[in-house]
Amino acid sequence: MPGTPRRAAGRRLQLPLLCLIFQGATAILFAIFVRYNRETDAALWHGGNHSSANNEFYFRYPSFQDVHAMVFVGFGFLMVFLHRYGFSSVGFTFLLAAFALQWSTLVQGFLHSSHSSHIHVGVQSMVNADFCAGALLISLGAILGKTGPAQLLLMALLEVVLFGANEFVLLHLLGVRDAGGSMTIHAFGAYFGLVLSRVLYRPRLEKSKHRQSSTYHSDLFAMIGTIFLWIFWPSFNSAPTSLGDTQHRTALNTYYSLAASTLSTFALSALVGGGGRLNMVHIQNAALAGGVVVGTSGEMMLTPFGALAAGFLAGTVSTLGYKFFTPILESKFKVQDTCGVHNLHGMPGILGALLGVLVTALATHEAYGDGLQNIFPLIAEGQRSARSQAIYQLFGLFVTLAFAFVGGSLVGLLLRLPFLDSPPDSQCYEDQIYWEVPGEHSDEAQAPLSMEEPDTRA
Amino acid sequence: MPGTPRRAAGRRLQLPLLCLIFQGATAILFAIFVRYNRETDAALWHGGNHSSANNEFYFRYPSFQDVHAMVFVGFGFLMVFLHRYGFSSVGFTFLLAAFALQWSTLVQGFLHSSHSSHIHVGVQSMVNADFCAGALLISLGAILGKTGPAQLLLMALLEVVLFGANEFVLLHLLGVRDAGGSMTIHAFGAYFGLVLSRVLYRPRLEKSKHRQSSTYHSDLFAMIGTIFLWIFWPSFNSAPTSLGDTQHRTALNTYYSLAASTLSTFALSALVGGGGRLNMVHIQNAALAGGVVVGTSGEMMLTPFGALAAGFLAGTVSTLGYKFFTPILESKFKVQDTCGVHNLHGMPGILGALLGVLVTALATHEAYGDGLQNIFPLIAEGQRSARSQAIYQLFGLFVTLAFAFVGGSLVGLLLRLPFLDSPPDSQCYEDQIYWEVPGEHSDEAQAPLSMEEPDTRA
Amino acid sequence: MPGTPRRAAGRRLQLPLLCLIFQGATAILFAIFVRYNRETDAALWHGGNHSSANNEFYFRYPSFQDVHAMVFVGFGFLMVFLHRYGFSSVGFTFLLAAFALQWSTLVQGFLHSSHSSHIHVGVQSMVNADFCAGALLISLGAILGKTGPAQLLLMALLEVVLFGANEFVLLHLLGVRDAGGSMTIHAFGAYFGLVLSRVLYRPRLEKSKHRQSSTYHSDLFAMIGTIFLWIFWPSFNSAPTSLGDTQHRTALNTYYSLAASTLSTFALSALVGGGGRLNMVHIQNAALAGGVVVGTSGEMMLTPFGALAAGFLAGTVSTLGYKFFTPILESKFKVQDTCGVHNLHGMPGILGALLGVLVTALATHEAYGDGLQNIFPLIAEGQRSARSQAIYQLFGLFVTLAFAFVGGSLVGLLLRLPFLDSPPDSQCYEDQIYWEVPGEHSDEAQAPLSMEEPDTRA
């Protein structure tokens, strides 16, 4: 590819410049607006005469750490299945999430701190910021391999704002419940990314088709991501809920739902696979749909049976989606969904929202007792009936989809600006244009630490 | 292999059908019997006027998450050492454990809830269910690569019942102490699996001998499993104990025991290795024996020195077992122990039970103070002397071995039923008969996401 | 290599003998000196009439587990980037840390328990012991691949003592604050290792240069280490601080600092990389510098902005160090720094110490309120002004560097003793001289479990 590297190198300045500008601006905004909250400020905490044991840190930090592992280990490695895009998958996940968690702290802080001139931070804002990074990484899954890192940073800048706005409308203006984010995280992240992928449609992507696949070891690396997402999902859904029984119940429901989606995924994968064989793509992804589908209803009195049934359905729909719908999505709808986020986050996210509508409509004072205040405060205070709360929940889904479609379209148009660094059709899913890449085998490995330009696979 | 694939595909329906039947039946039983407990039910918890901070979630959930990581990451990746059986190792672990944790919730619930018409679930039942999954995965280690997934699901169905029955006899009928499961988990799981492997003995397994080995990278993947098991084992042994000093002491004892077994494993591995070289099989496995050996006594006043001595002995016995006993086990006893569970779980489990007998016999009111009630309630209440409790502990080991031998034999006979899908002798330890497998190197990778049948290594 | 294996095998007895002697001696010292503390002893805890919920276990054990994962998973896999030294990287990390945590329990116990004839252990001693293991593994990073395991065990024996002595002088004699160990762990570990590497300088190391590099998959394994270090670093810095707001604030500051160092690392890596391409070495390492740089000041009222600024600076300095300083370090100063610990731990550790001086000098009663007692007890009690405390902090850095330089020199001279087993210049960074190594690809894999000497790559 004569000439290309030099021109590309010029454009490649976009990444470092965006990093520096974004980080600089973020730091300045932090200096002006961000302050420790009552639980993290030495003077405020000790002025309050609290016992150390009551600091919120001890109730939420272990869950936060599990969420943090999901965002950086889970999403990062899940996307390593692409055999020549492993550095980018784990590396760009790392970069985007590290930026998003700062930027989201500001955006969410501005939206939620209307009463105060400052944004106050602690473990709750850490959880919320990581959640926003999660939505961003779901969108990344739809366009993975077809965009450069500068494009991705721009996407992050804008998607974080849209995520925050949608979340604010749902949770604060509409009073919708969505603790684990079936709507705000999964449906929003997935459809935002899918619309983006539609706008960035590449009719000649088959030039890179040989790279859009896995190898034996890249699939094992991806299973690291899958398993860490799977084991910690109970912490994800329960991290932001009310303390006590609510966190406990949410974790339990998610645990059962995931177990059931795993069995239905294995069953369906073998049923639709060639010669009854299992497909690693299904196992890596659809087995997780049980976590997505109880994102809204996990904190509610879903019952253990309800969790199993929901997970079973989600695993089934997700596996069938990978088998039958993903090809149509590309051929008919011109949406190239690299990681199949429509199957893992899109459809299960919508199902999760609808399940939330159903479980909300069934809520009674009897079933929740005095705990109703924690889950449905507006019902407990008599401002809404269970049925009207359910209608609000449904409306929240439509708002989310509207945000995702309009936002994804606009951001997609922006990312098509011709001066932005984007890989050519023949170089998609390829680490080498963004990374100094060593050889694949030890006899090719020729890149000692101190050498500037390693000899790479031509 | 002409003809085989088609016939195999027919039999391969066994897996999806068993998944669907087992999941369906489990869900129905959950609907009838399983309810939230006092700590996870909104109305019950709030009716009790409890402070959120006292919810058991905050005392056990972090330990549960560590146990969960051990079961799915630890066991799953530890078995990836087989270089052409990585998908099966991590995938079947995933499937079996996801089923076992549901089924075990029912079985343990039926056995322990005799006073109530319902099974009440929360973080304790989650820990207990994951423990049962652990025992199942130990048994899997003995027969790994020589059984099909439908056989494994049947094994799970029955072993979970036998595990529950043995545990019930020991803990509830005999009043035996075994918090970390030296007997109930490790000895039971190992000998059940070994007897199973004996019944399923394959005299012509050498046809697959070239696949029963590791490669450089498969050994590194296995070390992921080893290290996660090692770091979280203190949480495993302490997860179900009494709160307070007992959980704390159990974690501490396990931490020391593992450190000592690591040193003795390195020492012995180098001593018995060719040219003084270390053997990765020993490091991956025997270094963990320190966790197994304090499974019973870890909650007791073992003393830090006692933990070091026990770990040292366990690492030594386990390493020597891999070197000298595993070959005899196959040649003399016709037991083909794929992962060497006899060395990691069998012998250290028995040692752990005997150590429990010893430490129990030495228990005094002086050493435990008012804490005696938490560890040995029957001694504290004057119903047993330390010596008689020790005899019960010893009896518990024999009961466990009896359950394992009889149960393993019967289940083995069942798994030999000719219509069950089982790999031929020449196709053991081979992913390709159960999975759509991509190429090993990127130039062979030809399996884009949407293709149905990837071209695989012939 | 005729003759070598046999001679080497003789010398290879050094490893097992040292393991056995060290473990035996440690166990005896434990029997004499180590006892459960008030929180882990059954009689003492129950004699104290405490509520189980107040046991320190619940406040520190989740953080301890994160630290434990960093030491064994993080450090272990980060060093796997060397494509023929993966077994040694993760294996020797495992061995050294398992020894160090026992030995350090004794050393730190002797130094800190001057009032008692016994060393009392619990979760705090577990955190402290793991911290010492961390410092040891940093030093290992400087000499990785150029030393045999027996040399490493000797290094561990001595470095643990020096670490404990330096820590004692700083924290107890000088009253210096250094919760996350910018000085005691990072600067000490790095400069100790670098001086050691200088004393062990190998002028003909280029004979092994082709092995001092990564492959595609070894870099992905190393990213497992990086990501686990990155996500859990907030727990590392906060694990030993005062309970309540201090732990909470420290975790928050570290979280922000790491996010900023990630962005500056990506920016700088692309800026200095050939053709604007990112370098995996930078991402794997320099992105972590944000955790190191707030090791001292993380518990202080650094402010969220301060954390971002510090992280940004650390990522920048670290990346530039890898690019420009590491080559000079070898060519001018004859220091062969395998993992670049000077860039990740050395310079950021010194920066972290200086940042601690600055933030200490700015400490006021107003900013800390009654929390001042937890962070700067000597200022709160009026024994020191903020400025004099800052001068003590600065002095602590010099003491640390003096311990590192003198200690590293002496230990280096010892390790050069000719009878110690050390790899020849042409066999550095090579697993095969210490491990039985299977083939790299499945068609070479010929090492069934029970075989004694696998056929390896010649």
Residue by residue through A:62-71, how many Cβ atoms from other chains fall within 10 Å of the Cβ on average?
6
If each residue's Cβ is checked for other Cβ atoms within 10 Å, how do B:Arg60, B:Arg38, A:Arg35 rank with the fewest at the top?
B:Arg38, A:Arg35, B:Arg60
Can you pick out the pairs among A:Lys207/A:Lys323; C:Lys207/C:Lys323; C:Lys209/C:Lys323; B:Lys146/B:Lys323 whose Cα atoms lie more than 20 Å from each other?
A:Lys207/A:Lys323; C:Lys207/C:Lys323; B:Lys146/B:Lys323
Between beta-carbons, use under 15 Å as the cut-off and find the net charge around A:Val169, counting Lys and Arg +1, Asp and Glu -1.
-1
Ranked highest first by the average count of other Cβ atoms within 10 Å around their residues, in what order do A:188-200, C:267-279 fall?
A:188-200, C:267-279
Eigenvalues of the Cα gyration tensor times 5, then square-rooted: what semi-axes does that give for the range B:142-264, in whole angstrom, largest first?
31, 23, 11
Only Lys, Arg, Asp and Glu count, each charged at its Cβ (+1, +1, -1, -1), so figure out the dipole size of the protein assembly as shown about its Cα centre, rounded to 20 debye.
1760
Between the range B:8-37 and the range A:305-359, the alpha-carbon center distance in angstrom:
21
If you place +1 on the Cβ of every Lys and Arg, -1 on the Cβ of every Asp and Glu, and leave all else neutral, what size is the dipole of chain A about its Cα centre, to the nearest 20 Debye?
1200
With an 8 Å cut-off on Cα pairs and a minimum separation of 6 or more residues, tell me the relative contact order of chain A in percent.
21
How high is the relative contact order of the range A:247-396? Use alpha-carbon pairs under 8 Å, at least six apart in sequence, and give a whole percent.
25
Please work out the Kirkwood hydrodynamic radius for the range C:301-385, using every pair of different C-alpha atoms, and report it in angstroms with one decimal place.
15.0
Taking neighbour counts of Cβ atoms within 10 Å as a proxy for exposure, in what order, fewest first, do C:Cys428, B:Cys339 appear?
C:Cys428, B:Cys339
Could you work out how much longer the chain between B:His50 and B:Phe395 gets when fully extended? Use 0.36 nm per residue separation minus the Cα distance between them, nm to one decimal.
120.1 nm
Number of partner chain Cβ atoms within 10 Å, mean per residue of B:95-103:
5
When you count, for each residue, the other Cβ atoms within 10 Å and take the mean per peptide, how do A:24-33, A:132-141, C:394-403 rank with the highest first?
A:132-141, C:394-403, A:24-33
Expressed in angstrom and rounded, the centroid-to-centroid distance over alpha carbons for the range C:69-94 and the range C:220-243 is 15
What does the charge count near A:Cys132 come to, summing +1 for each Lys or Arg and -1 for each Asp or Glu among other residues with Cβ under 11 Å from its Cβ?
-3
State, to one decimal in nm, how far the label point of C:Glu381 lies from the label point of B:Leu358, with both points 7 Å from Cα in the Cβ direction.
4.6
Could you work out how far apart the two model spin labels at B:Lys332 and A:Leu17 are, taking each label as a point 7 Å from the Cα in the direction of the beta carbon, and quote it in nm?
7.6
How far is it, in nm, from the label point at A:Phe324 to the one at A:Asp425 when both lie 7 Å from their Cα along the line to the Cβ?
3.1
For each of A:Leu413, C:Leu106, count neighbouring Cβ atoms within 10 Å of the residue's Cβ, then give the residues from fewest to most.
A:Leu413, C:Leu106
Computed [θ] at 222 nm, deg cm²/dmol, the protein assembly as shown (DSSP H ≥ 4; -39,500 (n - 2.57); rounded to nearest 500):
-19000 deg cm²/dmol
Take every Cα pair under 8 Å in the range B:59-200 that's 6+ residues apart, average their separations, divide by the length, and report that relative contact order as a whole percent.
27
When the Cα centres of the range A:130-204 and the range B:168-196 are compared, how far apart do they sit, in Å?
49
How many partner chain Cβ atoms sit within 10 Å of a residue's Cβ in peptide A:76-88, on average, as a whole number?
3
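Read-outs throughout are calculated quantities, based only on the coordinates presented, and are distinct from any laboratory measurement. Just so you know, these numbers come straight off a predicted model, no measurement behind them. FYI the Cβ positions are ideal-geometry reconstructions off the backbone, even for glycines, and counts take in every protein chain you see.
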